[in-house]
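Here is the structure we will look at, set down as structure tokens.
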Amino acid sequence: MEPDPAFAPDSGGVQGATLAQAEQVLRGGGWSVVLDHLVPTLLARLPLTHRFRAHCLRVHHEDRVTVYGRPQGTANEIALFRAANGRLDYQFRRSRLPECPQGPDSFLEAAVSIPFGRLKAFHPLIREQLADLMASNAELMRLRLAILERDFPGDHEHLLRVCWVNGRPTPAGEQLLHPCRPQRPVMREDLTRWFHSDLSALRRAPEHLVGEGISVLHAHHLATPLRPTPAGLVLMGETTRSRPRTLQPDTAALLTLRLPELLYVCRTVQGLKRYLACSEAGITSRVSAQDFDAAMAFRDAADQAEILAMPPGCEPRSVGGSAVVGSR
């Protein structure tokens, strides 16, 4: 029984962190590694008209990159680089600027395009309002914190969409919100069994995995509806040059079942093609035009449902102070 070595619970150094602690630090004028992850999750889900909405924020934590909002190309995105020693660098419109000033406001100032050192002068209520948003969207924030604590491999915003769709947790999210439930990591033997040519692909459906007590989020990392992912092949001891894999019975049924949420998780058809390692023709040949159109409509509706529950005082255009947007 050999688990994926990348599936290392709580290797991220935030064991025991709680949402209440994060709120307290934010309200008190401090900062923490947890807020590096929770605050951008909020900013990316503010209403489109909100002045602090993160339309595309790319955050680097050493070898992990998390993209908040929709990628728009380096010409229009803000990128933050957090080093192991705590140093924070900032990039805007392809211009890598000097190290951000030390202090608890720097990450937030860079993320919302406020000149460094001016947060309290321009937006004295932003910390309170972000903490209020955390409290009003507690279940979503607890999921994001759980993904961070478990240190799952991959882009954590991508994984959050696996766990939270249309304002409620998916089977993967339910497992993380209730850690007492069985949710062991995927083993090599699981993958070998799942992709046996004579067995139904539907054995990899999320509900079936929950019934077996297997982590749905870890299975997403290792197995698509069509084939193992590159990480799955590594766990199986195979390579991308291994013999072609025969598609199993019910592969088209599993892809049709998973397509709506996978389109939302991957954002675009191009992203879905990368995850499935399949051409668009390979997808549409297994899914009816009607089901594909329904999946696209589901994705669009789920995108709209990403907006946070807004407590009083945090509505669009209601944040205190005048908007300040521009380069430094």
Which of (1) closer than 27 Å to Ala305 by Cβ; (2) open to solvent by 10 Å² or more (accessible area, probe 1.4 Å); (3) not hydroxyl-bearing (Ser, Thr, Tyr) does Met141 not meet, given it meets every other one?
(2)
Selected residue (only one of Glu261, Glu315 is modelled with pLDDT of 95 or more, open to solvent by 50 Å² or more (accessible area, probe 1.4 Å) and closer than 26 Å to Arg142 by Cβ):
Glu261
Which residue pairs have Cβ atoms closer than 7 Å, lie 6 or more positions apart in sequence or on different chains, and pair a first residue in region 300-318 that is part of a loop (DSSP other than H, G, I, E, B) with a second residue that is exposed (fewer than 12 other Cβ atoms within 10 Å of the Cβ) and modelled with pLDDT under 90?
Pro316/Thr49; Arg317/Thr49
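Residues of region 176-216 being among the charged types (D, E, K, R), loosely packed, with under 14 Cβ neighbours inside 10 Å and outside any loop (DSSP other than H, G, I, E, B), which ones? Break it down stepwise before answering.
First, pick out the residues of region 176-216 that are among the charged types (D, E, K, R): 181, 184, 188-190, 193, 198, 203-204, 207, 212.
Subsequent filtering for residues that are loosely packed, with under 14 Cβ neighbours inside 10 Å retains 181, 189, 193, 198, 207, 212.
Matches in region 176-216: Glu189, Arg193, Glu207, Glu212.
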Output for region 113-164, where each listed residue is over 10 Å from the mean Cα position of the chain (by Cα), over 23 Å from Ala79 (Cα atoms) and not in a helix (DSSP H, G or I)
Pro124, Leu125, Asn137
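Going by the structure shown, is Gln290 open to solvent by 60 Å² or more (accessible area, probe 1.4 Å) and at pLDDT 95 or above? Can you show your working first?
On the way: open to solvent by 60 Å² or more (accessible area, probe 1.4 Å): yes; at pLDDT 95 or above: yes.
Here the answer is yes, as Gln290 does meet what is asked.
The values are calculated or read from the model by the stated rules, or taken from the named source; none is laboratory data. Predicted model, so just to flag it, every value in this text is computed and none were measured. Glycine also receives a Cβ, built like all others from the backbone with ideal geometry; neighbour counts cover every protein chain displayed. Heads up: the accessible areas ignore ligands, DNA and RNA and are worked out on the full protein's heavy atoms, side chains in. Shrake-Rupley method; radii C 1.70, N 1.55, O 1.52, S 1.80 Å.
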